[in-house]
Amino acid sequence: MDKRLLVLSLILCCCFKPLVSCAKNPFEKDTRARELKYQYQVLKDDEKYKMEGKILNLTPSGYMTVEEYENLSEYKDKNNLQLDIPKIQTPSDFKYIPHPTYRIVKYNDPPGAAELRLGKRLYLNRLVNAQGIVSPDYTKLVYPAVYYYSDSASVACDLFEIPLDTADTNLNRILKANVAKRLPDPILSTDKSIDNYAAFRTLTPVDFSSDGTKLLIKEKIGSREDGIWQTSLFVYDFNNKVDYDVDEIRDAIVYFWKEYMDVNLDDNRWDIYPLGFEKDDPERIIVQAFAYTGEKPIFLGTWSVDYQGNQSRLISFDKNVEPSVSINGYKVIKDGVESFDAVEKLEELEKRETKQMRKDYKQARKEAVNQIKDEYSFAVKGLNQDYKDEYRDYRKLRALSGATENVELQEAYKKYLIDQLNKDINKSEKQMIKLQKEIEKTDSKLEKLYEENGQSSKSKTLPNVQNEDTAKG
């Protein structure tokens, strides 16, 4: 009999347990209640996914959404880029590499000596950024970008301008010049056709004018197989953003020798060499001409022409007469190497800075992770409170729907929402008042600490002042 009672009691407990659970939560199987809980769980999972994504994005990787990719792909103003002076990289199998020092010198010294020096780099890299020239006011750098086309073994060139950082020293602003900040459109370009095998067309800056508003440029056209064909001259005006062809000087020289010397230069090989801007007249350019008809070049005279190529003049037939040429542009050259001790001290300093930067990075990352987690906790807390409020309102609606009709239900539920809103407002106001009292209490403590520190500092400093005064007396 006892066994039967025990089995019966167990059966009754098993059947009574779900009934008790249903009595505790009568809305467990309600569709709306389950929908509210499902929405809450989805929003909570979204916040967790966002939190994990933010933590992962603290270390950039190649994995990203389309929106993140589009944000990273937006145009960024290159003028705001912060660039440092390039450092000498020490290979792992080297203990020491000399660190060069630099100094600023005149670019066009002696006049007309500026030439491109490319070497085998051009054929290996297909692109070489050649020696640039800095304006007299150190506000811009102009450099030639030389291209090699292997299909036709031809060479072409563009001339680009890089604005310099005027907030730094003259040397540092030149060393920090980077092609990332260059203006997108070249100021001058050569013909880039590849129909002539082994032909080359290069642009070489000769010099700036004294005020830095004009740049004299020479274009060399020729072939790797039979040398230079001719040199053409151009002047770029930075104020008007226009370039002038100064080839009129070539026509003037040919005309003079044909008309007065009965020599047809077109039947001979000859060329011009630009020296720079005239010192006494900055609007004019000085060039020298030579003919190549034997072992020694024949001097064809020193000439000048205005920067727009409108008026040519003969200066002298005496090659020993040095024309008055202004030297205005600058360039940077290696001046030596730093001492071994200085390099060692610099490396030790960089190691300490690197160690400190890693430490700061770890601390910053830890703080960022904690902030992200705090934001997640705050968001989940808000979601939880919203879920409780919606669930509370829904339970009240169910309770009212069993005791009133439709019209009365709407009025009763509306009155309940208004009363509940007022309760929530009063609750929030009480919390704000409590928080304000805590802030005032903290402020009063801080004021007391400041007053105590002020008194102690006065008590310590006053005797010293008196002692000094008495000592002086």
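Remarks
- Integer Hz, Karplus 6.51/-1.76/1.60 couplings in order for segment 319-326, x for Gly and Pro: 6, 7, 7, 7, x, 7, 10, 7
- Sequence-ordered 3J(HN,Hα) estimates for segment 60-71 from the Karplus curve with 6.51, -1.76 and 1.60 and θ = phi - 60° stand at x, 9, x, 8, 7, 7, 4, 5, 5, 5, 5, 5 Hz, glycine and proline given as x.
- Whether segment 75-156 is rounded, prolate or oblate, judged on the alpha carbon gyration tensor where a/c under 1.5 counts as rounded: rounded
- One entry in (i) 57.0; (ii) 36.2; (iii) 61.3 is mean projected area of the Cα convex hull in nm² calculated from the shown coordinates; its label is (i).
- Built amide H within the under 5 Å cut-off of D306, gap 5+: I285, Q311
- In terms of Cα atoms, the Rg and Dmax of segment 100-337 work out to 18.3, 58 Å.
- The distance between label points at V42 and E347 comes to 6.1 nm (points 7 Å beyond Cα on the Cα→Cβ vector).
- Here the sum of -39500 (n - 2.57) over DSSP H runs of 4 or more residues, divided by the residues of the chain, equals -15500 deg cm²/dmol at 222 nm, to the nearest 500.
- Three-way shape call for segment 100-211 based on the alpha-carbon gyration tensor, with the a/c threshold at 1.5: prolate
- Each 5 Å bin from 0 upward holds the following percent of the Cα-Cα pairs of segment 140-269: 2, 9, 15, 17, 16, 14, 11, 7, 4, 2, 1, 0.
- Per-residue Karplus couplings for segment 160-168, computed as 6.51 cos²θ - 1.76 cosθ + 1.60 with θ equal to phi - 60°, are listed in order as 10, 10, 10, x, 9, 6, 7, 8, 10 Hz, Gly and Pro entered as x.
- Dividing the mean sequence gap of close Cα pairs (under 8 Å, 6+ apart) by how many residues segment 195-250 holds gives a relative contact order of 26 percent.
- The amide H of G301, built 1.01 Å from its N in the peptide plane, has A289 as neighbours under 5 Å, considering only residues 5 or more places off or on other chains.
- Spin-label pair F340/F317, simplified geometry with 7 Å Cα→Cβ offset, distance in nm: 6.3
- Separation of alpha-carbon centers, segment 218-241 and segment 275-338, rounded to whole Å: 15
- Cα shape, segment 263-322, gyration tensor, a/c 1.5 rule: prolate
- Kirkwood Rh, angstrom, segment 172-227 [1 / mean 1/r, Cα pairs]: 14.2
Any read-out appearing in this document is the output of simple, stated calculations on the displayed coordinates, not a laboratory observation. Every value quoted in this text rests on a predicted model; they were computed, and no experiment measured them. We place every Cβ from the backbone using ideal geometry, glycine too, and count neighbours over all the protein chains shown.
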